[in-house]
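Engineer: Just dropping this structure here.
Just so it is clear, none of the values below were taken in a lab; they were calculated from the coordinates. Everything quoted here is computed from the prediction, not taken from an experiment. Neighbour counts run over all protein chains shown; Cβ positions are idealised from the backbone, glycine included.
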Amino acid sequence: MAHTAPTPGTAGSAGQGDINPWAASGVIFAGVLLLVDGVLGVIKGISGLATDDVYAHLRNYTFKFDVTSWGWIHLVLGIVLGVVGWGVLKGAEWARATGVVLAAINIIINFVWLPYQPIWAVVSIAIDVFVIWALCTDRSKAVI
């Protein structure tokens, strides 16, 4: 009896039937969210560079930076996140792995920045958690 290869979507195949549709659609949304997170980072950065009284001033905080330093950190990271988000939307393989790494770095930076602007930081952290999930669970281009 001849053995035939399973067709996509049938049991035992690594085709479309095994792809989580939420994750596959999530990659596009993750690319858009990376762009949004990049724009938010640029806005945070410009706000920090433009004026010194935009962010809360903390006295005894372990990770205390001056507002200008936070402005540059967010500006540079925001630009890079935007570029990577564009790459994810274009389907670049480098952008998917880079997006996971940068979203993780952005989570850490926003966690440290939390006392300065809690709402912006929590929104950015939530966006980055979804981006990491979507980029890590998508198997539409996986080779088995």
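Engineer: Net charge near A103, counting Lys/Arg +1 and Asp/Glu -1 over other residues with Cβ under 15 Å of its Cβ?
Structural biologist: -2
Engineer: Right, next: Just to confirm a number: summing +1 for Lys and Arg and -1 for Asp and Glu over residues other than G38 whose beta-carbon lies under 14 angstrom from that of G38, what do you get?
Structural biologist: -1
Engineer: Can you tell me which of 116-123, 35-42 comes out highest on packing, and rank the rest after it, using the mean Cβ neighbours within 10 Å?
Structural biologist: 35-42, 116-123
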